[in-house]
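The values are calculated or read from the model by the stated rules, or taken from the named source; none is laboratory data. Computed from a predicted structure; not experimentally measured. Cβ sites come from the backbone with ideal geometry, for glycine too, and all protein chains shown count toward neighbours. Side chains are part of the model used for accessible areas, which takes the heavy atoms of the whole protein and leaves out ligands, DNA and RNA. Shrake-Rupley method; radii C 1.70, N 1.55, O 1.52, S 1.80 Å.
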Amino acid sequence: MSKFCGSLLLLALITFQSCIASQEVVSRKLKFSPRARPPPSHHAEMARYLAHTVDWCVIGTTSTMKGREGLPFTNILSVSDGPVNNSTGVPYFYVTDLDQSGVDIAKNNSVSISMSEYQTGYCSDHSIDAESPFCTRLTLGGKFVKVTDKAEKDFALKALFTRHPEMKHWNHSAPPNHHFYAAKMDIDFIWLLDSSGHGAAIISPKKYYAVKW
């Protein structure tokens, strides 16, 4: 009898832990946009959907490192184009000039950032590999600039801190000379791959920003 009760207790504990794990997954997914995934043929909408849904990206800069001058360099940056319920399409960042990407940008602020739909869980849920064209990829190109307008800076910090709460402590916990600040990309190039057989789509910034959210 005691073994039976022990088994029931173990089963209940495993079930409870599974429920907690499921709740954590649900909570994580609620960070992403509740908006429905656009169909593949709607390229501008898909680009805006992905730019709003992901929380981080790969940034490509022109290296200034000794022995690597002029060569491509990539890094990871957290990103937000607005709070969960307010997409602007503008990628905002919270950065320091002491990071290697910041050092590169100080010399040449033409950059690219890439985002993958794999972050959203859609590709893994449908057994789609990250390199498959059916797992949407987005690359944005443009100038990486500091946000100087006060109203826009307030919005950018809200967009970043609501999606990345840890950031609000970085200027207090990092060494005093790090000076994290809000930055953004002024987009002039948009490349999207979200299906097979038609190649990548080049989207004009005008069409991208015209998407209603």
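If I stretch the segment between W191 and R68 completely, what's the gain in nm (0.36 nm per residue apart, minus their alpha carbon distance), one decimal? Mind showing how you got there, number by number?
Numbers: separation 123, 0.36 × 123 = 44.28 nm, distance 2.64 nm.
Here the answer is 41.6 nm.
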Residues whose built amide H sits under 5 Å from the amide H of S63, excluding neighbours closer than 5 in sequence, are G70, L71, F73
Local electrostatic count, F155, Cβ distance below 14 Å [Lys/Arg +1, Asp/Glu -1] = +1
How many percent of the accessible area of the stretch 86-213 is carbon or sulfur, using a 1.4 Å probe?
-> 55 percent
How much length, in nm to one decimal, is gained on full extension between E152 and A130, taken as 0.36 nm per residue of separation minus their Cα-Cα distance?
-> 4.5 nm
Which cross-chain or sequence-distant (5 or more) residues have an amide H under 5 Å from the amide H of G142, H modelled 1.01 Å from N in plane?
-> V111, D188
Got a sec to turn the phi values of the stretch 120-127 into Karplus ³J(HN,Hα) couplings, 6.51 cos²θ - 1.76 cosθ + 1.60 with θ = phi - 60°, whole Hz, x for Gly and Pro?
-> 6, x, 4, 5, 5, 5, 10, 6
Whole number in Å², please: accessible area per residue of the stretch 59-213, 1.4 Å probe, ligands, DNA and RNA not counted.
-> 53 Å²
Could you run the Karplus curve 6.51 cos²θ - 1.76 cosθ + 1.60 with θ = phi - 60° over the stretch 78-93 and give me ³J(HN,Hα) per residue in whole Hz, x for Gly and Pro?
-> 6, 8, 7, 9, x, x, 3, 9, 8, 8, 10, x, 8, x, 9, 9
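Which of rounded, prolate or oblate describes the stretch 39-128 when judged by the alpha-carbon gyration tensor and an a/c cut-off of 1.5?
Here the stretch 39-128 falls in the prolate category.
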